[in-house]
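Have a look at the structure below before the remarks.
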Amino acid sequence: MGKVTRGYVYRIRPNTSQKILINKTFGCNRLMWNELLNDIKNKAYRTPKEIKTQYDFMYECDSQSFTTTWKHLNQAIKHKKNKTHQFPKFKSKHDHIQSYTTHVVNNNIRLEGKYIRLPKLGKMRLVQHRELPSESTIKAVTIKRDAGHYYVILRIVYEQTKEKASDVRQVIGLDYSLSHLYVDHNGNNPNYPKYYHKMMDHLAKAQRILSKKVKGSNHYQKQKQKVQKIHKKISNQRKDFLHKVSRELVNKYDLICIEDLDLKEMTKTKHFSKSIFDTSYHMFTLFLDYKTKDEGKSLIKINRYYPSTKTCSKCGNIQDIPLSQRTYICDCGHKMDRDQNAAINIATRGLISNLQTEYGTDSIAW
Ligand SMILES: [Zn+2]
């Protein structure tokens with residue numbers, strides 16, 4: 001419950017003149033950033049308004065975006081002072097991703113059917129595959145060009161109104177899986193779409209070709225763009241897939257139990273480092289987190305030191321099981337796929353801790 005801020009990304013289809021203006025605005029904000037940063041280095045401070053008077057062409061662009069760029073730079077300097085980030089860098093037109101951000105003033109940014117209205121740009125087609133939450137307000141928008149495509153990231157605020165349901169009827173336990181994303185306590189996995197693996201092969205091939213080109217040559221640049229396009233396509237497909245899977249789970253279950261994994265630590269080991277699925281899993285848990293909250297449902301993360309893999313889900317016995325061993329076999333006669341066995345333990349553990357938070361530890365008979 002309460003107000004939440006969230007980002008929603010949509011592809012946009014600007015026409016030719018809109019594209020020209022968007023790219024001009026990227027350029028002007030880049031220039032604004034670099035001028036302001038230069039001022040900081042020279043200890044000569046000007047406001048965006050003062051800088052604008054020196055560059056007539058800046059008046060063509062959304063002036064609110066310059067204020068945002070100024071704010072972003074100040075934040076970056078603050079982060080540097082707190083030693084959480086590096087000192088901000090100058091921006092280049094060769095940067096892979098170009099963007100600018102602007103804030104809503106007097107409802108000047110809004111959705112109109114299948115279109116979005118943006119300052120100075122007017123209406124443009126929005127490819128909207130996910131609805132915004134009802135009663136949400138747009139606060140800011142980032143316009144971005146990535147691998148030749150244009151996107152908006154809408155920063156919206158909305159109220160999570162659904163109360164948490166007190167009775168849990170449907171529970172699911174999910175065990176992290178490198179190849180399947182997860183295996184649930186019934187032994188099912190979400191089936192990564194076939195095209196996904198096909199795209200990964202495409203990517204590998206395109207990267208191989210790139211590695212044989214002379215760096216900096218025309219052929220190299222062209223191939224590099226190709227690789228970036230495939231990358232972007234894969235990441236979009238992956239995101240869509242994760243949205244779909246998490247939505248289905250949240251619609252179906254009241255309590256979803258997962259492990260609280262330290263993925264950063266895991267990627268350090270050789271076995272995991274190459275996997276693109278790691279980033280997917282992190283994103284997946286973020287989606288589950290906000291979607292369960294939106295729907296008044298629960299996501300429970302089990303302590304990462306809980307031995308979900310080593311424990312027999314039938315008798316509770318704990319034993320070591322090597323990574324290569326796919327089946328869990330216990331002296332009690334229990335025999336099961338190792339991931340499913342772990343998922344059952346995670347579901348059980350999650351149910352217990354859900355009861356504990358609801359009724360307090362004392363009221364549970366062990
Ligand atoms: Zn057993």
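The values are calculated or read from the model by the stated rules, or taken from the named source; none is laboratory data. Note that the structure is a prediction, hence the values are computed from the model and not measured. Neighbour counts run over all protein chains shown; Cβ positions are idealised from the backbone, glycine included. When the accessible area is computed, the model is the full protein with side chains, heavy atoms only, and any ligands, DNA or RNA have been set aside. Shrake-Rupley method; radii C 1.70, N 1.55, O 1.52, S 1.80 Å.
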* When all protein chains stay in place, what accessible area (Å², nearest 10, 1.4 Å probe) is found for His129? -> 100
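Only Lys, Arg, Asp and Glu count, each charged at its Cβ (+1, +1, -1, -1), so figure out the dipole size of the range 1-59 about its Cα centre, rounded to 20 debye. Could the numbers behind the result be given before it?
Details: 12 positive and 4 negative charges, 69 e Å.
Roughly 340 debye for the range 1-59.
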* To do: Could you check which residue among Asn218, Asn107, Asn354 shows the biggest mean-square fluctuation in a GNM of the chain with a 10 Å Cα cutoff?
  => Asn218
* For an R0 of 51 angstrom, estimate the FRET efficiency from the Cβ-Cβ distance between Tyr158 and His334 and round to the nearest 0.05. => 0.65
* To do: Select from His202, Leu323, Ala44 the residue farthest towards the positive end of the dipole of the chain; place +1 on Cβ of Lys and Arg, -1 on Cβ of Asp and Glu, and compute about the Cα centre.
  => Ala44
* Asked: Taking 0.36 nm per intervening residue step and subtracting the Cα-Cα distance, what contour gain separates Gln237 from Ser179 on full extension?
  -> 19.2 nm
* Asked: If one computes the Cα centroid of the range 1-74 and of the range 173-198, what distance in Å separates the two points?
  -> 42
* Structure fact -> Carbon and sulfur atoms account, in whole percent of the 1.4 Å probe accessible area of the range 171-363, for 51
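Work out the FRET efficiency for Asn34 and Met200 from their Cβ-Cβ distance, taking R0 = 35 Å, and round it to the nearest 0.05.
Details: r = 38 Å, r/R0 = 1.08.
That pair, Asn34 with Met200, gives E of 0.40.
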* Highest GNM mean-square fluctuation, the chain, Cα pairs closer than 10 Å: which of Leu174, Leu37, Leu242? -> Leu37
* Percent carbon-and-sulfur accessible area, the range 2-160, ignoring ligands, DNA and RNA, probe 1.4 Å -> 49
* Residue-level accessible surface for Cys330, protein heavy atoms, 1.4 Å, Å² -> 10
* Structure fact -> CD proxy, 222 nm, the chain: helix-only mean residue ellipticity via -39,500 (n - 2.57) per DSSP H run with n ≥ 4, per residue, nearest 500, stands at -14000 deg cm²/dmol
* When ligands, DNA and RNA are left out and all protein chains stay put, how many square angstrom of accessible area per residue does the chain have with a 1.4 Å probe? -> 59
* Asked: Cα axis of helix 338-359 to longest principal axis of the chain: angle in degrees, 0 to 90, nearest 10?
  -> 80
* Relative to the present Cα-Cα distance, how much length would full extension add between Thr357 and Glu248 at 0.36 nm per residue of separation? -> 36.7 nm
